[in-house]
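The numbers here are math on the coordinates, done by the rules we state, and not lab data. Model, not experiment: these values are computed from the prediction. Cβ atoms come from the backbone with ideal geometry, glycine included; neighbour counts cover every protein chain shown.
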Amino acid sequence: MATIGPATDAPGVLERTLRAGVDVVRLNLSHGDLDEHLRRLRAVRECAAGIDRHVAVLADLPGPKIRAGHFPHGGVDLSPGSLIRLVPGPGTSNAGRISIPYPTLLDDLVVDSRVQLGDGAISLKVTDVGVDAAMARVETGGHTNGEPGVHLSSEALRLTTPTDEDLELAAAMCAEDIDFLAVSFVRAAADVDRVREVVGGETELVAKIETSAAIDALDEIIDASDAVMVARGDLGIDCPVEDVPHLQKRIIRRCVECGVPVITATQMLESMIHAPSPTRAEVSDVANAVFDGTDAIMLSGETAIGRDPEAVVTTMSAVAQRADAEASYRGWGQLLGRIERRHGQTDERFIDPITSAITHAAWQASHDVQAVAILCCTRSGRTAKAMARFRPEARLVGLAPEVATARALSMVWGVAPLQVEQYDTTDEMVWFAVERAMEHGYVGHGDTVVVLVGSPALRPDDGPRRWRPDGVATDVLRIVTLD
């Protein structure tokens, strides 16, 4: 996943960047105006059609943001040990005073509260809270300028998610057929539900896990969402930074178990904003996210404002492919089997029992017959998502009649999306799925493939929102050897 911005606006850069390996484009709505983002969305659609690729687009909602009053031109250095007044309300800031336009600031701060600026590199500790201002001591100093973000503990923050601005932007982006909306600073499932009430069920919602409250409510948030993002930047501000790698692994593993796509984000190749090559630590970070089992790895400023977006994507793609070749995916299916045996059944909040059983059988069958590919015929994308949680060694192909579903499958681990016609019978679906896979070179003569197909469910759809929303369960498995 690559964020686009000024660096991709030059003629030809967007197309080259997509060709380098982008599956999902991100629009960061925290920067720029709506018209600018809509223009870029349309450019992605046009470019993707020109290169015959299914490329999804994610709009990242700003969420509640607190920014300090503007620092003087050139910025200031905040020295460790120095005292600073924190004053609620508008105004400018300097080395001795920070204006914070947040009305309940003094109510939310107590002695020993931590306040962080920007990306968290500058950290302050509150020493006193008065009637008009709070005093804070600089614990970790640094240089700051402009209007840096101000971060309070998510437990103390009274701002709600989503904001009114978020809901307005969500409605505007959905009117342009956006594929994903990312909800920032989610603290509970209800935050995601509020966005869904505005946009309906067509646009997939991504919950950004970047607060300690979200970690505590992880299962409920996963249940309410279509995908999850490990937003390591703010997560590392709200939680101890040494916990972030472990939280990343925990979130990814739980999402894989539930069949919910998960994105790993923030500072993956940060040095390439300015440098022609990444650091060795960044390369290891990208590879380890792949080893953790993430569905997607995300670029932010590296492609939005960086010196060479195409080179960044090429580098990330090469690192991911190399890591993918070394990953031990066989263990994922065995792990899921152990989890289900331990609990006695699938967690029905996420995967219905029939789909769980048939995808497990398909994973085992693909090994037993040495299948080249697993073809997932799906209207909503859920068959492919359920299959992808096993991280099979056989190639995954998602075949969907709706172009929106095909685009959304671009985010799912290992899935090559294809658009097909709508067919009336299982035999037709199996036949044409194999034919389409052959046309695109995923399978060939002499290969054995596993085909999964859904059929109408036997009971009304009265279960959780995320499974059987279209009255269909995955209940057909065919093994086909191509003559």
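Ordering Thr3, Val195, Ala48 by Cα displacement along the dipole of the chain toward the positive end leaves Thr3 in first place; charges were set at the Cβ atoms of Lys, Arg (+1) and Asp, Glu (-1). Coupling constants for the range 198-209 follow from the phi torsions by the Karplus curve (6.51 cos²θ - 1.76 cosθ + 1.60, θ = phi - 60°), and in residue order they are 7, 9, x, x, 7, 8, 7, 9, 10, 8, 8, 8 Hz; glycine and proline get x. Peptides 141-147, 63-69 ranked from most to least packed give 63-69, 141-147, packing being the mean of other C-beta atoms within 10 angstrom over each peptide's residues. For the peptides 82-88, 424-430, 231-237, residues were scored by their other Cβ atoms within 10 Å and the scores averaged per peptide; the highest-first order is 231-237, 82-88, 424-430.
If you take all other residues with their beta carbon under 11 Å from the beta carbon of Ala156, and give Lys and Arg +1 and Asp and Glu -1, the sum is -2.
Which shape class, rounded, prolate or oblate, goes with the range 371-430 when its Cα gyration tensor gives a ≥ b ≥ c as root eigenvalues, a/c under 1.5 marks rounded, and past that a/b bigger than b/c marks prolate? In terms of gyration-tensor shape, oblate.
Ignoring everything except DSSP H segments at least 4 long, calculate the 222 nm mean residue ellipticity for the chain; use -39,500 (n - 2.57) per segment, divide by total residues, nearest 500.
On the way: 17 runs with 177 residues, N = 483.
Roughly -11000 deg cm²/dmol at 222 nm, from the helical runs in the chain.
In this structure the amide hydrogen of Ser82, modeled in the peptide plane, comes within under 5 Å of the amide hydrogens of Val138, none closer than 5 places in sequence on its chain.
Between the C-alpha center of the range 281-325 and that of the range 1-27 there is a gap of 14 Å. Under the convention that each Lys and Arg Cβ holds +1 and each Asp and Glu Cβ holds -1, the size of the dipole of the chain around its Cα centre is about 900 debye. Separation of the range 35-93 and the range 411-448, taken as the distance between their Cα centroids, equals 41 angstrom. Summing Cβ point charges (Lys, Arg +1; Asp, Glu -1) relative to the Cα centre of the range 237-394 gives a dipole of roughly 580 debye. Ranking Ala95, Gly81, His440 by how far each Cα lies toward the positive end of the dipole of the chain (charges on Cβ) leaves Gly81 at the top.
Let's see if you can work this out: charge +1 on each Lys and Arg Cβ, -1 on each Asp and Glu Cβ, no other charges. What is the dipole magnitude of the range 353-395 about its Cα centre, in debye to the nearest 20? Please list the in-between numbers first.
Values: 6 positive and 2 negative charges, 57 e Å.
Charge dipole of the range 353-395: 280 debye, to the nearest 20.
The alpha carbon centroids of the range 350-406 and the range 138-169 are separated by 40 Å.
Once the Cα atoms are used to define both axes, helix 34-50 deviates from the longest principal axis of the chain by about 30 degrees.
Coupling constants for the range 405-421 follow from the phi torsions by the Karplus curve (6.51 cos²θ - 1.76 cosθ + 1.60, θ = phi - 60°), and in residue order they are 5, 4, 5, 5, 5, 4, 8, 7, 3, x, 8, 9, x, 9, 9, 10, 6 Hz; glycine and proline get x.
For Arg97, the amide hydrogen comes within under 5 Å of the amide hydrogens of Arg85, counting only partners 5 or more places away or on other chains and with H modelled in the peptide plane.
The string of couplings for the range 355-365 from the Karplus curve (6.51, -1.76, 1.60, θ = phi - 60°) is 4, 4, 5, 6, 6, 4, 5, 5, 4, 5, 5 Hz, one whole number per residue in order, with x for Gly and Pro. Of the peptides 267-279, 290-302, the ranking by mean beta-carbon count within 10 Å, highest at the top, reads 290-302, 267-279.
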